[in-house]
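Structure first, commentary second.
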Amino acid sequence: MGIVAIDKEAIDRMKPPVVHRGIPGWLKENLFNGVFNSILTLVVLAFLLKFLPPFLKWAFIDSVWLTDSATCKECPGACWSVVLKNLRFVFFGFYPHDLHWRPFTAIMLLFVLLFFSNNKRYWSKKLGYAWIIGLVLMGVLMKGGILGLTPVDSMKWGGLPLTLLLSVFGLTAAYPLGVLLALGRDSNLPMMRYLSIGYIELIRGVPLISLLFMSSIIFPLFLPEGVTINKILRAQAAIILFTAAYVAEVVRGGLQGMARGQYEAAEALGLNYYQTMRLVILPQALKIVIPPTLSVLVSAFKDTSLVVIIALYDFLLTSKTVIQNPEWMGFSTEMYLFVALMYFLGCFSMSNFSRKLERELDTDQRS
């Protein structure tokens, strides 16, 4: 067997393969990699060049931020004063002005809980107990009446705290209810299956507005004389029941996507129905339906703005009330842009968390 001489100098002179093409290569690969994509890129660039500079000039260069309405009417740019001058009312509505620290503290407490919940490392029983305690504290801060806090009628709740209350409580309660409905629809018990099917099809067959009207106007007619239920609680129940029906259909799709062998393996291990669902089926089914579930939850978050039709002063209605004031009339564009930004931040945060959770739970891609 011959010995092959290795030229070390030649090896040192060899250059590694080019894996980075620079900016021109990236542009060609992503923006100009075909006739259609090239045309679409040029159309988008033309659109941005035509409309983006005037918008930036209107929104930032010629805009005013901390002036009165008279100055705003003479300004050629955006009047962000309509937002900043009325920020406390937009955020807190008719909540007593001197007690705004209470809803602000409740919101900060909620953000802290969401921050820790965003990291899977903190998921434990302690976090669950923290959520229970935190939700109780938020209710106490908003309502008052104990711990020396001045009681505040719930009809004075409004703005961002009310929107977060309806969305967070609604989504938190709707998800487990939707899972139970999905299990009920696939149950072998005829009564359980038919009740679940009837509920899901009935709720999915009507718009959320009709449920809100029924909870606000029709439902109180069936209560005994002298018995009333808070309007916020009725609206919250309507949102939960409506969202749960859509979550149930998404989860049912995940259950039907499970292979029969998963059930047979659980039976071979001697697991009962509860153990099979909790340990084998649901962890896999819920993982594969994260994207469609997110779509339902994002839609439910935005649908909380529909409570304006039953005169609940959520974040959208407090903003609308400001621009209906003759002093600030005519600056609806700036206010609605601010409202859209806040809703976008909420929806984007949910989407980002969903993608992160999906990557962490995607065990099939791990080596």
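Every read-out reported here was derived from the displayed coordinates using simple, explicitly stated rules and does not represent laboratory data. Given the structure is predicted, the values throughout are model-derived calculations rather than measurements. No Cβ is skipped: glycine too gets one built from the backbone with ideal geometry, and neighbour counts run over all protein chains shown.
Odds and ends about this structure:
- Option label - Cα Rg over 2.2 N^0.38 Å computed here, alternatives [x] 1.33; [y] 1.81; [z] 1.09: [x]
- Cα shape, region 297-343, gyration tensor, a/c 1.5 rule: oblate
- Listed residue (158, 170, 217) projecting farthest to the positive dipole end of region 155-270, Cβ model: 158
- Neighbour net charge for residue 294 - beta-carbon separation under 12 angstrom, K R +1, D E -1: +1
- Lys, Arg +1 and Asp, Glu -1 on Cβ, resulting dipole of region 170-311 about Cα centre, debye, nearest 20: 160
- The longest stretch of the chain left intact once loop-based GluC sites (Glu not before Pro) with at most 16 other Cβ atoms within 10 Å are removed from consideration, loops following DSSP, is 1-224.
- Its residue count N fixes a reference of 2.2 N^0.38 Å for region 170-311, and the Cα radius of gyration divided by that reference is 1.21.
- Dipole magnitude of the chain about its Cα centre (Cβ charges: Lys, Arg +1; Asp, Glu -1), debye to nearest 20: 440
- Ordered by the count of other Cβ atoms within 10 Å of each Cβ, fewest first, 239, 200, 309 give 309, 200, 239.
- Each stretch of four or more DSSP H residues adds -39500 (n - 2.57); spread over every residue of the chain, this sum gives -20500 deg cm²/dmol at 222 nm.
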